[in-house]
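One structure is given here, and the rest of the page talks about it.
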């Protein structure tokens, strides 16, 4: 079950090397929202996502995850690096995340089938970029996060895998999660997003 939250980002100022990269950024999102971040390279999309995820500290402003529950909401962040241990096999990585997120084996088996993970016993170090991406997304979707943050999640995916990705994101949104996606390909997510924020360098 996904813990419902409201995401309130107010007046963010984020600097890189003392130079403002994100200025006066604010957005308010509620359960079932899917927000696309677009803009050219260097406009600050990744920096903004990492700040909202709590991986970077803003110089000014704040990021609030508001909920009526006493439980701490989970954030799932899928960045440019695949969240896999290279020395482990794909199935070993999947089992690790299944235990971490306390998800059931049926969900894992379903994701394996959807993403066509037919290389379960191969070490991650021997996989192609596309295979790693599919396995990484499979691990990520085992989480029960309230806020999902994706930075160019379709990179290195073929069309079938992109279809699965967008279907899974739509499923998250329907279950009440908040989704943020940075992308150079907004057409991939236009049918599931209800907000598009364009950043300029």
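The values are calculated or read from the model by the stated rules, or taken from the named source; none is laboratory data. Remember, predicted model here, so these are calculated numbers, not experimental data. Cβ: placed from backbone, ideal geometry, glycine included. Neighbour counts: every protein chain shown.
Numerical summary
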| read-out | value |
| --- | --- |
| Unmet requirement for residue 84, which otherwise passes all of (1) exposed (fewer than 15 other Cβ atoms within 10 Å of the Cβ); (2) in a loop (DSSP other than H, G, I, E, B) | (1) |
| Matching residues in region 97-106 - criterion: being out of contact with any helix residue (DSSP H, G or I) (no Cβ under 8 Å at 6 or more places or on another chain) and in a helix (DSSP H, G or I) | 99, 100, 101, 106 |
| Residue list for region 148-176, restricted to those being closer than 22 Å to residue 48 by Cβ and touching a helix residue (DSSP H, G or I) at 6+ places or on another chain (Cβ under 8 Å) | 148, 149, 150, 151, 153, 154, 155, 165, 166 |
| Top-ranked residue of region 42-67 - restricted to ones that are more than 26 Å from residue 111 (Cβ to Cβ) and without any contact (Cβ under 8 Å) to a residue 40 or more places away in the chain, ranked as surrounded by the most Cβ atoms within 10 Å (Cβ to Cβ) | 51 |
| Residue tally, condition under 12 Å from residue 135 (Cβ atoms) and either assigned by TED's automatic domain parsing to the domain that holds residue 45 or modelled with pLDDT of 95 or more (or both), over region 79-94 | 10 |
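For every residue, the table says whether it meets (1) farther than 30 Å from residue 28 by Cα; (2) in contact (Cβ under 8 Å) with a residue 60 or more places away in the chain; (3) in a strand (DSSP E or B); (4) not assigned by TED's automatic domain parsing to the domain that holds residue 53.
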position	(1), (2), (3), (4)
117	yes, no, no, yes
121	yes, no, no, yes
131	yes, no, no, yes
135	yes, no, no, yes
171	no, no, no, no
181	no, yes, yes, no
187	no, no, no, no
192	no, yes, no, no
200	no, yes, no, no
